[in-house]
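Trainee: Quick one: the structure is below, questions incoming.
The values are calculated or read from the model by the stated rules, or taken from the named source; none is laboratory data. Worth saying up front: this structure is predicted, and the values here are computed from it rather than measured. Ligands, DNA and RNA are excluded from the accessible area calculation, which covers all protein heavy atoms including side chains. Shrake-Rupley method; radii C 1.70, N 1.55, O 1.52, S 1.80 Å.
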Amino acid sequence: MTIHEAAQHAVQIVPERYRTAVVAHVMVSDAAAALSFYGRAFGAVEDFRLDHPEGGVMHAELRIGGAVLMLGDTSEGPFTAPSALGGTSVALHVFVPDVDALVRTAVAEGAELLQPPADQFHGDRTAILRDPFGHLWVFLTHMEDVSWEQLEERLADA
């Protein structure tokens, strides 16, 4: 058993405080392509899909790791894609069992690696990616539970 595998057995993959998080609903200019990409790159499983009668995806739901994500094509009104805004102010955080493996697959499928996987002071191994649709993703593998005191000490030392 590797150190990485042993660490995963010692702690929960998704820390308890993040088990009931806000469900993101992202908009893209080609939801069908995004659903396909997320399946190939992030191992996403499509749970539900409602196609619009005039074409495109009105609403879909998928799972990445234990996280649920809602997704749809852009439309008139307030919902728009990051590409139409010139960027995004939101990053989607998802805990996964093996961030290194996910990053290798995602980059091979066309995701842009912004920060390679690295162990962080807060007890997670973390990587940051940008998908081809302009969304930022922070993928994490929880390695150890860190108390608030340890967190403050480690932050001060960083």
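Trainee: Quick one: P(r) of region 35-100 from all Cα-Cα pairs, 5 Å bins, percents rounded to integers, in order of increasing distance.
Mentor: For region 35-100, the binned pair fractions read 4, 14, 21, 24, 20, 12, 3, 1 percent.
Trainee: Quick check on the chain: of the DSSP beta bridges with both residues there, what percent are antiparallel, nearest 5%? Each step should come with its number before you reach the end.
Mentor: Values: 23 of 33 bridges.
Within the chain, antiparallel bridges account for around 70 percent of the total.
Trainee: When all protein chains stay in place, what accessible area (Å², nearest 10, 1.4 Å probe) is found for residue 51?
Mentor: 90 Å²
Trainee: Rolling a 1.4 Å sphere over the protein heavy atoms, what is the accessible area per residue of the chain, to the nearest Å²?
Mentor: 58 Å²
Trainee: May I pose another question? Using Cα centres only, tell me the gap between region 65-82 and region 109-154 in whole Å.
Mentor: 22 Å
Trainee: Enter the accessible area of residue 113 (Å², nearest 10), with the probe set to 1.4 Å and all protein chains included.
Mentor: Its heavy atoms expose roughly 70 Å² to the probe.
Trainee: Additional query: State the percentage of accessible surface on region 21-118 attributable to carbon and sulfur atoms; use a 1.4 Å probe and exclude ligands, DNA and RNA.
Mentor: 56 percent
Trainee: Let me ask you something else. Hey, can you grab everything whose amide H is under 5 Å from the amide H of residue 51? Only 5+ residues off in sequence or another chain; H modelled, so Pro and N-termini drop out.
Mentor: 58
Trainee: Among DSSP bridges having both ends in region 66-158, what percentage is antiparallel? Round to the nearest 5.
Mentor: Working: 12 of 17 bridges.
Just about 70 percent of them are antiparallel.
Trainee: Using modelled backbone amide H atoms (1.01 Å from N, in-plane), which distant-in-sequence or interchain residues come within less than 5 Å of residue 135's amide H?
Mentor: The list, which skips near neighbours in sequence, is empty: none.
Trainee: List, in order, the whole-Hz ³J(HN,Hα) value for each residue of region 67-79 obtained from phi through the Karplus relation with A = 6.51, B = -1.76, C = 1.60 and θ = phi - 60°; use x for Gly and Pro.
Mentor: Along region 67-79, the couplings run 8, 9, 10, 9, 8, x, 6, 5, 8, 4, x, x, 7 Hz.
Trainee: Just from its helices, what would the mean residue ellipticity at 222 nm be for the chain, if runs of 4 or more DSSP H residues each count -39500 (n - 2.57) and the sum is divided by every residue, rounded to the nearest 500 deg cm²/dmol?
Mentor: Helix-only estimate at 222 nm: -8000 deg cm²/dmol.
Trainee: Per residue and in Å³, how big is the convex hull formed by the alpha-carbon atoms of the chain?
Mentor: 131 Å³
Trainee: How long are the semi-axes of the equivalent ellipsoid of region 65-127, taking √(5λ) for every eigenvalue λ of the Cα gyration tensor, in whole Å from largest down?
Mentor: Each semi-axis is the square root of five times an eigenvalue, giving 26, 14, 13 Å.
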